[in-house]
1. Go through the range B:353-367 residue by residue and tally those that are modelled with pLDDT of 85 or more and open to solvent by 60 Å² or more (accessible area, probe 1.4 Å).
2. Here is a list: C:Ser71, C:Ser102. Which entry is closer than 16 Å to C:Leu187 by Cα, crowded, with 21+ Cβ neighbours inside 10 Å and either acidic (Asp, Glu) or in contact (Cβ under 8 Å) with a residue 24 or more places away in the chain (or both)?
3. Answer yes if at least one residue in the range C:64-76 is within 8 Å of another protein chain (Cβ to nearest Cβ) and either in a helix (DSSP H, G or I) or closer than 28 Å to C:Leu501 by Cβ (or both), and no otherwise.
4. Quick one: B:Ser162 ticks every box in (1) buried (at least 23 other Cβ atoms within 10 Å of the Cβ); (2) of a type outside the set (A, V, I, L, M, F, W, C); (3) touching a strand residue (DSSP E or B) at 6+ places or on another chain (Cβ under 8 Å) bar one, so which box is it?
5. Hey, could you check the range B:82-93 for residues that are at the interface with chain C (Cβ under 7 Å from one of its Cβ atoms) and open to solvent by 10 Å² or more (accessible area, probe 1.4 Å) and say which is farthest from C:Asp7 (Cα to Cα)?
6. Hey, could you check the range C:117-137 for residues that are part of a loop (DSSP other than H, G, I, E, B) and at pLDDT below 95 and say which is farthest from C:Ala383 (Cα to Cα)?
7. Kindly provide the set of residues from the range B:165-209 that are over 15 Å from B:Leu249 (Cβ atoms), open to solvent by 20 Å² or more (accessible area, probe 1.4 Å), more than 10 Å from every other protein chain (Cβ to nearest Cβ) and of a type in the set (D, E, K, R), ordered by number.
Amino acid sequence: MSGHAHYREAHPLVFVITHYINLICMIMLAFSGFYIHFPFFNGFMGVARGMHFVAMYVIIINLTYRIIAAFFVKTATQLGSREVDTDIKNWLPQEENKHQLFETVKYYLFFRKEGVISAKYGSLQKIAYLATIPLTYLQAYTGFAIYGPTMNMGIFSGGLDMVGGPMNMRIIHYFMMWVFIVFTMIHAYLANIYNLNPSKIIFLWKETDH
Amino acid sequence: MAQEAHGALHDLLEVRGVTRRDFLKYCGSVAAMLGLSETMAPQIAAALEGAQKLLPALWINGGSCTGCTESIAQVDSPDVATIVLDYLSFEYFETIMATAGTQAEHNITKRVEEGGYIVIYEGSVMTGFEGRAQTAGTPDKTGLAILEEVASNALAVIAVGSCAVDGGWVKAHPNPAGATGVAAWLQKQNIKTPVVNLPTCPVNPEWIVAMVVQLLLVADRDVDKFVAATKWVTREYADEVTDASVSLLMPAGIYGQSIHDNCPRRGHFENGEFVDVLGSEQEAMGYCLYKVGCKGPQTFTQCPVTRWNRRVSWCVEAGSPCIGCGGLNWVDNNAPFLMRMSDMQLGGALGNVQPGTVGAVVGGVAAAALVAHGLGMKAAGRVGDGPPMETAKAYDRKRGAKKGGDK
Amino acid sequence: MARTVVDPLTRIEGHLRVEVEVENGKVTDAWVSGTLWRGMELVLQDRHPEDAFWVSQRICGVCPISHSHASAQSTEQALGITIPNNARIIRNIIEGAQYLHSHILWFYTLTALDYVNPLNALKANIADTYALAEAAGTRVADFGAVQKRLAAFAENGQLSIFTGHYFDHPGYVLPPELDLIATAHYLEALEMQAVAAEIIAIMSGKFPHPMTSIPGGTAFVPTEQKLDDILFRLLAVKNFVDTALIPDTLAIAPFLLGAASFGGGCGNFLSWGVFEAADNDPYKRSLPRGFIESAKGLTVDKVGPEDVTEYVAHSWYDDKTTGLTPDKGKTEAKYEEYSVDGKYTWGKAARCKDLPAEVGPLSRMLVGYLSGVKPVVEIIDVALAALSKAAGATLPPTVLVSLLGRIAARNLETAVVAQWTVEWVNELIGAIKGGDSDYFVTARGSDGEGAGLWEAPRGSVGHWMSVKGGKIANYQVVAPTTWDIAPRDDKGVLGPMEQALVGTPVFDTERPLEILQVAHSFDP
């Protein structure tokens, strides 16, 4: 929860940068995606398509790097702690979160008053963050599947047949963008609901004590 | 060597005053259409000239509007008279044959017995009303019986036009015609004759000629060779009438790329220059028709390259958005035609709802929920330093109470 | 008394079966059956009204332009749209080009084989052929080359589309030289019909199945280059019509005077009118609207959509749906065994003012003649004079109500339309010069009813549409074929083609050439 310190050990500089890259790419992807979906003003299609591709490649490389980095970059694994360990610990189940998933849900639905004990990332948070990884790759896959030069490759045409053609794939691609948008909204909201300290550390790399 | 070859065709050409040079030029264009190198032209010429007899063909109309027949009359090179008189011997061709009735039926029976022919099938396969949705010949012979008869002993069947490929507009909801395609029906009847599919409504005649020449030239009328030597794309679909998965064979040179990719207006798409109103100043500038519903990005045919009516124009050039007539189940899938594909209804469970609306609603609901939740958090006094924290997990407390201690 | 069935009746659009009873070498009774279900009206239910323009034209691959125009008009009426003047002219040009295409194709490719024997042309003397062509004022071709080509073709032994022909039938009466001229023009006609179709393709993307006359106007914006492409093609086709089609008709007709005495039919003629006038008045269209009732003699009455009813006693539809006007029409199939005493066709029996009505060029030319349309009156008078000279007696306009008249009327109409279409191109050029750049209106309602009544080359076409909440609530098509190949109605009155067949002489029931001649004259 929020009544704790936000130290740089929680978000080492390299992850602040990858987070920035994610944010910028997501904004570019969403904006250019909406434009490609419906060109709401004229004169931008070529740029929008270029932007969509560049941002996609960057975010995929960034994500892949982020996964690898999890195995050697050390970060805090507990709330408000300067004690560091390999980042992958944050990805795996942690003792502090055991039996807490249901309690976390109860907390957010106001069925309990006290905040729940958790590691740096709570159970729900961890699941949501982990889910974005395959979703991002899947989004790239659906994008390639509706992209002329690649759609006839076996790996993509198989997927097209499975979902019933490019139109359905396009709808899936479109809806998944909304999944990312909703994720981002909830993510920003929950991160900053108590105070803006989490934003200070992730964007400005500015530490705050409780 | 090819230059020395002489045959029936060569004599015919000489009679018609067609020079060797014209002929080779034509063979070059055939080669280009087939995706072969133009250096193949002499071989093509040799194959055509060496042919001793015209290839017998039966042109069968199923549930058709005769539009594909009309279309073959608009072929560019060679012209239709050449096809009908010098290439193929159409022993049955309802719309143009001299004879009728019993004699016409006899032409079919005789040819099927002798074999060595191709079938060009136009129109949908009509299974409705127990096959009585289409009959021809006595006594009340159904179109289905005719198709089975002619396909059983043919070298190959060329299904021309979207109707013959998968039922075309006739299969659109909720027509009780029971329309399906040639490939689906032959599969159901376990007739193994290869079916070449040439969709669009009507068929583009240049594509029929390309296939016929391919069969005559590369393959010497040998169908196995023909199938092996042509590059194909296959399209799978679930046929409602036969209740089976059908795999459609189409020549890749014609159906491998989207209209959008080859569209002369593509540059305007990339520049973001669009026609917002049909027949407007923007149309006069030749801008992209994507916003008024063009299905070019979703339709895989060679229309912008081959063009129509002896190559004078094609749909987009004349100012109309592509309606995707070369796609499968094209009316149900592509209408409303003036609506962009991505605006189109999801259909089924969601009724008339569009993806954009769904997305906006989902986003809006999420935003509203977060605001409401935030107010709740504020009311609960959690904002600021956060809630008072538990000192032990609820699970452990319960367990502790039960067992009398933590861990 | 013998029953003869011709099925398939070839050289038509779609599938047709004709059953006749022959007694003493003459047809005494006839049943005409359309053997193909379409279902178009059902497909259009609940779709966007604009989509009908693209879908409904696919009823017919030979006259899709006219169906698309009738459909667009019904949408425009229903949604309260008035199209811009440029769009009106462009549609007229496209329609005109289709008339030229269709009539040329019909005469030389579909019906000529009932009269012209290309194998007989092998016997023609080339010098005599040139002399005959000159005397007839018809177009000269390289007749020697055509004959050589035919000879090579015949020697090959594979007769292609002529396999199983009836060319030894005594009904083929033309001299070899005329057969050769007609065959040469048959080959040229194949080229010319394609040139006419190119005009449509330039303006509407492709033919068949045009794209641009979208409800609201047209999506086609002409450029200088396109106008030029249209005009030079049009002049080439017009030249062929004036120098081949018309002289050929006048040269062949004297050999077929017998055909002036049968094949007339019901004598009621309907024309919805075609080629829109600037004020959208159907009675001022270039070929105007009108109905000629046999019992009243040669006078033209006004006629409207409310005069149409469709009967289904002899058609494969539910009897409950009989006698409806198309705006309330229903398409409820009910298939049962083919029986000439019961139900025997997929076609409904369309009736105008409760009478069977012939539609097509003959109807339009008669209505135009009686309405005093100048070019129509002139060309019919010229043709009647030529025929009278050949027959050695003065022939009245009523002689047109026959097999011969029906063929002649169509060819004469071609010449009139060719002239008009050139004028429309000039009108369009004038309008563009005058600064008119409107082609399409987007504003439209979402509810209403419309009846697009128009004329295809082969006859009257009507599309009825009602729109509720932006979706098609009901759609009905009464196609030209619905009129001409109509079966008996509920009162047992024969349809127009059935009536025309009755009285037709049949020389040999195994080779029913005369039945083909009469059926083909309707271009079903």
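The values are calculated or read from the model by the stated rules, or taken from the named source; none is laboratory data. Note that this is a predicted model, so its numbers are computed, not measured. Cβ atoms come from the backbone with ideal geometry, glycine included; neighbour counts cover every protein chain shown. Accessible surface is based on the protein model in full, side chains and every heavy atom, while ligands, DNA and RNA are left aside. Shrake-Rupley method; radii C 1.70, N 1.55, O 1.52, S 1.80 Å.
1. The number of residues fulfilling the criteria is 3.
2. Details: C:Ser71 fails: closer than 16 Å to C:Leu187 by Cα.
Sole residue among the options that is closer than 16 Å to C:Leu187 by Cα, crowded, with 21+ Cβ neighbours inside 10 Å and either acidic (Asp, Glu) or in contact (Cβ under 8 Å) with a residue 24 or more places away in the chain (or both): C:Ser102.
3. There is at least one residue in the range C:64-76 that is within 8 Å of another protein chain (Cβ to nearest Cβ) and either in a helix (DSSP H, G or I) or closer than 28 Å to C:Leu501 by Cβ (or both).
4. Tallying (1) buried (at least 23 other Cβ atoms within 10 Å of the Cβ); (2) of a type outside the set (A, V, I, L, M, F, W, C); (3) touching a strand residue (DSSP E or B) at 6+ places or on another chain (Cβ under 8 Å), B:Ser162 fails exactly one: (3).
5. B:Leu85
6. C:Leu119
7. The answer is B:Lys188, and nothing else.
Condition check ((1) hydroxyl-bearing (Ser, Thr, Tyr); (2) open to solvent by 40 Å² or more (accessible area, probe 1.4 Å); (3) without any contact (Cβ under 8 Å) to a residue 12 or more places away in the chain) across all residues:
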{"residue": "C:Thr218", "(1), (2), (3)": "yes, no, no"}
{"residue": "C:Asn239", "(1), (2), (3)": "no, yes, yes"}
{"residue": "C:Asp242", "(1), (2), (3)": "no, yes, no"}
{"residue": "C:Thr249", "(1), (2), (3)": "yes, no, no"}
{"residue": "C:Phe262", "(1), (2), (3)": "no, no, no"}
